[in-house]
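For reference, the structure discussed in these notes is given below.
The values are calculated or read from the model by the stated rules, or taken from the named source; none is laboratory data. Note that the structure is predicted; figures quoted are calculated from it, not measured. No Cβ is skipped: glycine too gets one built from the backbone with ideal geometry, and neighbour counts run over all protein chains shown.
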Amino acid sequence: MLLHEAQIFERGGLFSISCLSNFKPMKRLHKILKKKREIKGYSQEYIAGFMKVSISTISRWESGEIVMTVDQIEDYAHALEMETYELLAAYANQDRKRLVPLVKLEIEVFNKGAYYKIMDIIKELDPLDIIIHTKPF
């Protein structure tokens, strides 16, 4: 799944799959995972239990002493209740002044009822996660 998500990001110019076999970009992914773990308040012990590895393994991953496999990265992200695309988006947007959108979606609406339903759904989203451009015809 991670490789499939990475391919989508690579096609959009946001990520390079070669990063998954390169030490420096992998360390950046480790740092993102560690930061997310700390934000969520999860202990290394919790992650170790979820992934069925030792606490020292988690510590060594997070310190960059050893590199995780693609499967381990995906499992760690799931332990954080994080989808793989979220991890790749965090990597792609790291060190950027302006976030790079995950997708640009264009919708043509043909009646007011449908428009209002769509706007109700959009109102439920975090305003920091979406930018809306509208233009009437």
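Out of curiosity, is Glu106 of a type in the set (Asp, Glu) and modelled with pLDDT under 85? Yes: the conditions hold for Glu106. Checking each residue in region 66-103 for being among the hydroxyl-bearing types (Ser, Thr, Tyr) and at pLDDT below 85 picks out Thr69, Thr84, Tyr85, Tyr91. Among what's in region 50-62 and is closer than 14 Å to Lys27 by Cα and in contact (Cβ under 8 Å) with a residue 12 or more places away in the chain, pick the residue that is surrounded by the fewest Cβ atoms within 10 Å (Cβ to Cβ). Restricting to residues being closer than 14 Å to Lys27 by Cα and in contact (Cβ under 8 Å) with a residue 12 or more places away in the chain, the top hit is Ser59. Do we have Lys52 as modelled with pLDDT of 80 or more, of a type outside the set (Ser, Thr, Tyr) and on the phi < 0 side of the Ramachandran plot here? Against the criterion (modelled with pLDDT of 80 or more, of a type outside the set (Ser, Thr, Tyr) and on the phi < 0 side of the Ramachandran plot), Lys52 does not qualify.
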